[in-house]
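The values are calculated or read from the model by the stated rules, or taken from the named source; none is laboratory data. This one's a predicted model, so the numbers in the text were calculated from it and none came from an experiment. Glycine gets a Cβ as well: all are built from the backbone with ideal geometry, and neighbour counts include every protein chain shown. The accessibility values were calculated without ligands, DNA or RNA, using every heavy atom of the protein model including side chains. Shrake-Rupley method; radii C 1.70, N 1.55, O 1.52, S 1.80 Å.
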Amino acid sequence: MLAACGGGGTDSSDSSGPTAEGYPVTVETLFGDVEIEDRPENVVAMGWSDAEAALALGVQPVGVADWQAYGAPYVGPWAADLLDSEPVEVGTMEPNLEAIASLEPDVILDTRSDNSQERYDLLSPVAPVVGPPSDVEVTYGTTWQGQTLQVARVLGEEPRGEELITELEDRFAQLREDNPEFADLTIAVGAYFDGQYGAYVPGDTRVDVLTELGFEYKPELEERAEGAFYVDLSSELVEELDADLTVVFPIGDTADFLNEDPVLQGIPSAEDGRLIVLEDPELANAFSSGSTLGIHHALDEVVPMIQDSLED
């Protein structure tokens, strides 16, 4: 396992140099405690939106996983301006170990992932791997708060991480105060991918964004997920997406099918004008990002759409 390199302007190859203030630091993860000996300089961000979390904290990742298929520079447009240079794309579900190792990482962030021991064992010989917080139970279920704090601890940026969390939590609180009617309504969140509908459940960032606005999640869908963040729905079960408010978006396709599909358009929330189809891929990606940067971007557009839908 590679040792963490020196920070604070020291030569990263000189392991005998002074250790940065606050280090070493121990981070609790799903796979046990991980000790980061010094402030990381070469950071590879493998987990879903780990790169955006690092950028929000002022740290430039040298390698990133492009989970949402943005293409270069491999992060959402709400975060791209924070990059000083284009990072190396290193794979998602099948990490490119050669590319990762060539970056000589001091740490690999994998704080929102499939929670598998196999993935951890694959990455850990290259560099210390900081996985999801120890209390995460749902695959890809690290909250945006949990991810921000986990990454902040690793990078020595806890005060800034707490500021980012407070800023977004305050925004959610204000939106709940401005829209008290949200608290009396249920929500369901779905997607259409590769010819198949599915539903997200609590623990997934998309659901969490809406519940933090005050909505209640429809519990029947959660029972089908069995610890996963998402459950496939056959055409016979698409009606389970019906709720006081239903939000659906396509993955890897346009929204034309969703707007015309008689199965989806036949559920009660659609017939009553309470179905929101996120047609703009950038908005759908921001809604799905799970980063403080992406969530702020999504709220700018999603909240007015919800207000309009509920007023109809």
Write out, first by first residue and then by second, each pair whose Cβ atoms fall under 6 Å of each other, whose residues are 6+ apart or on separate chains, and whose first residue, in the range 42-59, is more than 13 Å from Leu83 (Cα to Cα) and in contact (Cβ under 8 Å) with a residue 24 or more places away in the chain while the second is outside any strand (DSSP E or B) and acidic (Asp, Glu). Asn42/Glu104; Asn42/Asp106; Met46/Asp110; Gly47/Asp110
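Tell me the residue from Leu123, Leu109 that is under 16 Å from the mean Cα position of the chain (by Cα), at pLDDT 95 or above, surrounded by 15 or more Cβ atoms within 10 Å (Cβ to Cβ) and not basic (Lys, Arg), please.
After applying the criteria, what remains is Leu109.
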Please work out if Val75 is touching a residue at least 40 places away in the same chain (Cβ under 8 Å) and either under 18 Å from the mean Cα position of the chain (by Cα) or buried (at least 20 other Cβ atoms within 10 Å of the Cβ) (or both). no
Kindly check whether there is at least one residue in the range 44-60 that is more than 24 Å from His297 (Cβ to Cβ) and more than 13 Å from the chain's Cα centre (by Cα). yes
Looking at the range 234-263, I want the residues that are closer than 14 Å to Glu279 by Cα and among the polar types (S, T, N, Q) and have a partner that is open to solvent by 50 Å² or more (accessible area, probe 1.4 Å) and assigned to a helix (DSSP H, G or I) with Cβ atoms under 8 Å, at least 6 apart or on another chain. Which pairs are those? Asn259/Gln265
Regarding the range 149-166, can at least one residue be identified that is in contact (Cβ under 8 Å) with a residue 40 or more places away in the chain, surrounded by 15 or more Cβ atoms within 10 Å (Cβ to Cβ), in contact with a Pro (Cβ under 7 Å, 6 or more places away or on another chain) and not in a helix (DSSP H, G or I)? no
Which condition from (1) crowded, with 16+ Cβ neighbours inside 10 Å; (2) modelled with pLDDT under 95 is the one that Leu210 breaks? (2)
